[in-house]
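Below is one structure, written out as structure tokens; comments come after it.
The values are calculated or read from the model by the stated rules, or taken from the named source; none is laboratory data. These numbers were taken from a predicted model, which means no experiment stands behind them. Note that each Cβ is placed from the backbone with ideal geometry, even for glycine, and that neighbours are counted across all protein chains shown.
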Amino acid sequence: MPPGPPLIRFEHVRKSFGSKVIYTDLTLDLYRGETVTVMGASGSGKSVLLKMLIGLLHADGGRIVFDGRDVTSMDDEQLTQVRRRIAYLFQGAALFDSLNVGENVAYGLREQFWRTMHEADILARVAQSLALVGLPGIEGMRPSDLSGGMKKRVGLARTLALQPEVLLYDEPTTGLDPVNTARINHLINGIQRALHLTSVVVTHDMGTAFSVSDRLAMLGKGRILLVGTKDDFRNTDDQVVRDFIEGRAPETEDVAALLASS
């Protein structure tokens, strides 16, 4: 276990959307400098966890603590300060088609630091960030000219330009072929070694989970079913977790009933 108190703590968090219960008792600690991958079936609340951390969604109960401060009780101004320390890589990269690559990467810098950061420094930060993701010199290209893998990497460059302490990856390899998936996994590991960020990766891709993680956490039944190292997951006796990581449907699942209800 890393030394010191957790940087991020979810304490008995509850969350529902109407009658749809997402969390009944979510408890999870995340430590400085580690990469934790959060896994779970569709609808288990993986992305909800990230959005609650930065205040895009609000918990119905419990607490979310970031660096000793309770995020769940913050006002908008306080949440803005938290968001400046946490960068969110959206699932679809979320690039602006009307802006070129350089303008996309610079967007957050110009929004947050327009009073304090000179344009030359912004351009230098953009170039540095694109180089970190292996795409130097493409500032003038348009998003429509980029492959899916390149769009993901430009989105990552935009988050890195903000020099965050925490980086949240929401399904970073979704929709990518195996070669680009491996490239993104390699980038996540390389960025971690170079910048020593605290990273939270949300994915259902077991290859990514085992490639990039210091620890893994499995969501299910409204809570964390298991949190631990890769070996903990490989050796677990929890059948639900084993079925998920090995890609098996539960033996008790009634396929005929599922088809009848669809």
Matching helices (runs of 4 or more DSSP H) fully within region 155-262 where at least 1 residues are of a type in the set (A, V, I, L, M) and at pLDDT 90 or above: 178-195, 206-212
Of residues in region 1-38 being among the β-branched types (V, I, T) and within 21 Å of the chain's Cα centre (by Cα), the one farthest from T229 (Cα to Cα): I22
Long-range neighbours under 6 Å by Cβ, at least six apart or interchain, first residue of a type in the set (F, W, Y) within region 77-101, second modelled with pLDDT of 90 or more: Y88/L168; F90/D170; F96/N104
Count - residues of region 183-201 that are among the charged types (D, E, K, R) and surrounded by 15 or more Cβ atoms within 10 Å (Cβ to Cβ): 1
Any hit, region 131-152, residues being under 22 Å from the mean Cα position of the chain (by Cα) and of a type in the set (D, E, K, R): yes
Output for region 130-154, where each listed residue is part of a loop (DSSP other than H, G, I, E, B) and not hydrophobic (A, V, I, L, M, F, W, C): G134, P136, G137, E139, G140, R142, S147
From V166, V126, V179, residue being under 21 Å from T203 (Cβ atoms), among the hydrophobic types (A, V, I, L, M, F, W, C) and in contact with a Leu (Cβ under 9 Å, 6 or more places away or on another chain): V166
Filter result for L132 (surrounded by 21 or more Cβ atoms within 10 Å (Cβ to Cβ), closer than 27 Å to V38 by Cα, touching a helix residue (DSSP H, G or I) at 6+ places or on another chain (Cβ under 7 Å) and not basic (K, R)): no
Extreme residue, surrounded by the most Cβ atoms within 10 Å (Cβ to Cβ), among residues of region 202-223 that are of a type in the set (K, R) and more than 15 Å from the chain's Cα centre (by Cα): R223
